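A short write-up of the structure that comes next.
The values are calculated or read from the model by the stated rules, or taken from the named source; none is laboratory data. Since the model is a prediction, treat every value here as computed from it, not as a measurement. All Cβ positions, glycine included, derive from the backbone under ideal geometry; neighbour counts span all protein chains shown.
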Amino acid sequence: MFEKLKSRFSEFVNKITTVKLKAEKLRPLLSEFKLNLIENDVAVPVAERICDEIEKRLDGVQVKRLEDRRKIIQENLYSVLLEVMLTKDKIDLLKGIEEKRKKKEPFVIVFVGINGTGKTTTIAKVAKFLTKKGYSVVLACSDTYRAGSIEQLSEHAKRLGVKMITHAYGADPAAVAYDTINHAKSHGINVVLIDTAGRIQTNKNLMNELAKIKRVVNPDLTILTVDSLTGNDAVMQAEEFNRSIGIDATILTKVDADVKGGSALSVIYTTKKPIIFIGTGQKYDDLEEFNPEKFVQMLLK
């Protein structure tokens, strides 16, 4: 995955090791590199930030005779990318669930995102991840309008051996979420995962409905699922959802098929919220906890 972005970083390092580390020599290479980043789904403000920081850090750097020039460049590039990827908000999902469990309260997660991002499948993957960690889970089908949504989530629940709460099609999504939380409280279930309708991010009425669900259930986390293959659309979606209803974290789906890779950099930089998981395939176990340091190391390998 991310093969194109990795190769662009490698090419850039190769080129920059051959020039004098002065701003006037670096700028033509950085200008070309910026275009390469944008072509690989890195949003323009992110590409500009990366290139500006690299110029600042490398301009005037003196490389001693026995020093490894390539290593110096890679270390600076690593620092710049990591600064882009790190956020002030740190989410320790299992710690949060454990704290609520001690209080005998369920940990509530609302999942949002537009149709086609793999949201419902991602919820099933998170349910599997949590049950493997020893936590009990209940699913809420608050997607009460899309044809087949109840059946889809019900099938996942059946396969995973977890309970699902739903009302009839057309029911109030917030009421379904509320009832699921009450079910969790009365049955001592640790985590509530709430599926919502796939929102078109510019539809204000639908966004208002999501905001209502959040008001009613007051979730511990609101997680946005975005499809890494949609490139800059993923960034626009993340920006709009964060502005309209507020998100705490992102799950990036279909990463296994993403040869570009810029969406990960862009979504974090745009929202200032962490990516908590990445989806790496179709199976329930194809969900990985996201680690910014490992991601940057992988890009520069």
Would you be able to tell me the number of residues in segment 15-61 that are at pLDDT 90 or above, among the polar types (S, T, N, Q) and out of contact with any Phe, Trp or Tyr (no Cβ under 8 Å at 6 or more places or on another chain)? 1
Filter segment 282-301 down to the residues that are crowded, with 18+ Cβ neighbours inside 10 Å and in contact with a Lys or Arg (Cβ under 9 Å, 6 or more places away or on another chain), then identify the one that is modelled with the lowest pLDDT. Leu299
Selected residue [without any contact (Cβ under 8 Å) to a residue 60 or more places away in the chain, among the hydrophobic types (A, V, I, L, M, F, W, C) and either assigned by TED's automatic domain parsing to the domain that holds Gly281 or closer than 30 Å to Ile109 by Cβ (or both)] from Leu29, Leu81, Leu86, Leu94: Leu94
Kindly provide the set of residues from segment 57-100 that are crowded, with 17+ Cβ neighbours inside 10 Å and among the charged types (D, E, K, R), ordered by number. Arg57
Within the set of pairs 6+ apart or on separate chains, which have a first residue in segment 264-289 that is in contact (Cβ under 8 Å) with a residue 24 or more places away in the chain and on the phi > 0 side of the Ramachandran plot, a second that is assigned to a loop (DSSP other than H, G, I, E, B) and surrounded by fewer than 18 Cβ atoms within 10 Å (Cβ to Cβ), and C-beta atoms under 9 Å apart? Lys272/Thr87; Lys272/Lys88; Lys272/Asp89
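In this structure, does Val42 turn out to be within 24 Å of Gly261 (Cα to Cα) and not in a helix (DSSP H, G or I)? First the steps, then the outcome.
On the way: within 24 Å of Gly261 (Cα to Cα): yes; not in a helix (DSSP H, G or I): yes.
It is true that Val42 is within 24 Å of Gly261 (Cα to Cα) and not in a helix (DSSP H, G or I).
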Restricting attention to segment 258-281, report how many residues are outside any helix (DSSP H, G or I) and modelled with pLDDT under 85. 4
